[in-house]
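Trainee: Dumping the structure here so I can ask a few things about it.
The values are calculated or read from the model by the stated rules, or taken from the named source; none is laboratory data. Quick caveat: nothing in here was measured; it's all calculated off a predicted structure. Cβ sites come from the backbone with ideal geometry, for glycine too, and all protein chains shown count toward neighbours.
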């Protein structure tokens, strides 16, 4: 799995196991980490920039998009230093699934806010999708 560029922040595609994402994040150097569900991108060109601004102004630990119809997190933006402080995703207790939700619970447990947003998403062409 590799990072793909969206706006100024490369993003990592969700669907991989927690340990794989942690390994990829270990070599990334960006100030923020953006995780997107496979096959989707924000509908608006400035969505990611807006999320970074919201996260910076509110000092939130994460900006999250949750698709109720699919019952899953479709995007997570979090500061790199906070991700490192928390030790990334918990690959021992939540290796394959549930690691995003666990990450948010740990953020909240440390007193950080998580901002949710309802964004419209568009599907990527099939040849750009990565297997979940």
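Trainee: Of the residues in region 93-127, how many are more than 23 Å from residue 31 (Cβ to Cβ) and modelled with pLDDT under 85?
Mentor: Result for region 93-127: 15.
Trainee: I'd like the full set of residues that are more than 15 Å from residue 75 (Cα to Cα) and in contact with a strand residue (DSSP E or B) (Cβ under 9 Å, 6 or more places away or on another chain), limited to region 28-55.
Mentor: Answer for region 28-55, where residues must be more than 15 Å from residue 75 (Cα to Cα) and in contact with a strand residue (DSSP E or B) (Cβ under 9 Å, 6 or more places away or on another chain): 28, 30, 31.
Trainee: Are there any helices (runs of 4 or more DSSP H) wholly within region 1-92 with 3 or more residues that are over 13 Å from residue 103 (Cβ atoms) and at pLDDT 80 or above, and if so which?
Mentor: In region 1-92, the matching helices (runs of 4 or more DSSP H) lie at 18-26, 47-58.
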